[in-house]
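Please read the structure below before turning to the comments.
Rule-based calculations on the coordinates, nothing more; no lab input. Note that the structure is predicted; figures quoted are calculated from it, not measured. Virtual Cβ from ideal backbone geometry, glycine too; neighbours counted across all protein chains shown.
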């Protein structure tokens, strides 16, 4: 079974459209979304509707939980809070109900899924080897998919409390019979200094994970942000991949 893995779309419709177009060429049977459909960018309604329609499994991210009212908006500050308030006011009642139906953890085809981490599905950032090792130790399946950090990553168990692995460049990695903690990177707001939209293809039959990057119309996404009156820094960072 082959699945396309998306995460952290954050209301970036041009990026999502480019990734979905690329995903059609992958020959995958399913599409899985690891959450954060909304936040930061200016098309939360369109992205929510599209992702709910095409995803075989779709998780809730921390931004989704704040915007849908499950988590109080006071947990956010600065640009994240501004964008969350705007998204909450902009979204239709239908889209808000769709977001409320999502959960931050799940399982599909024997793969463990969390928005953030298996230790804390909503908030924990897995961006270092010690945190990754701790997560690998509590996983319930051999493969666990996470998002939230906006960085493509792959970790396997290591020694001395530090996992092996880290940042994943575009390309294919063979998954042995051990445990793997994998992050596809972000569709809508990459933070690894590569502004291209990121996604991953997981081939369970072949035991392969492939990280992809896709060019998209960044200027269109930036214009949408400024036209909506959202903070200019949100538009600027798209061009920097930060």
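Values for this structure:
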read-out	value
Hydrodynamic radius of region 197-242 per Kirkwood, over alpha carbon pairs, in Å	12.5
Highest-first arrangement of 221-227, 41-47, where packing means the average Cβ count within 10 Å	41-47, 221-227
Binned Cα-Cα distances of region 40-165, short to long, each 5 Å bin given as a whole percent	2, 11, 19, 21, 17, 13, 10, 5, 2, 0
Centre separation in Å (Cα based) which lies between region 130-176 and region 54-85	25
Peptides ranked, highest mean first, by Cβ atoms within 10 Å: ranges 18-24, 193-199	193-199, 18-24
Sorted by Cβ neighbour density within 10 Å, fewest at the top, the residues 211, 236	236, 211
Cβ-based exposure ranking for 233, 48, in which fewest neighbours within 10 Å come first	233, 48
Per-selection Rg to Rh, the chain - Cα, Kirkwood hydrodynamic radius	0.95
Rounded tilt (10° steps) of 129-138 against the dominant C-alpha axis of the chain	70
q = 0.11, 0.17, 0.26, 0.27 Å⁻¹: log10 I(q)/I(0) that the Debye formula gives for region 80-153, counting C-alpha atoms only	-0.37, -0.74, -1.16, -1.21
Value at 222 nm in deg cm²/dmol, rounded to 500, when DSSP H runs of n ≥ 4 in the chain each add -39,500 (n - 2.57)	-9500 deg cm²/dmol
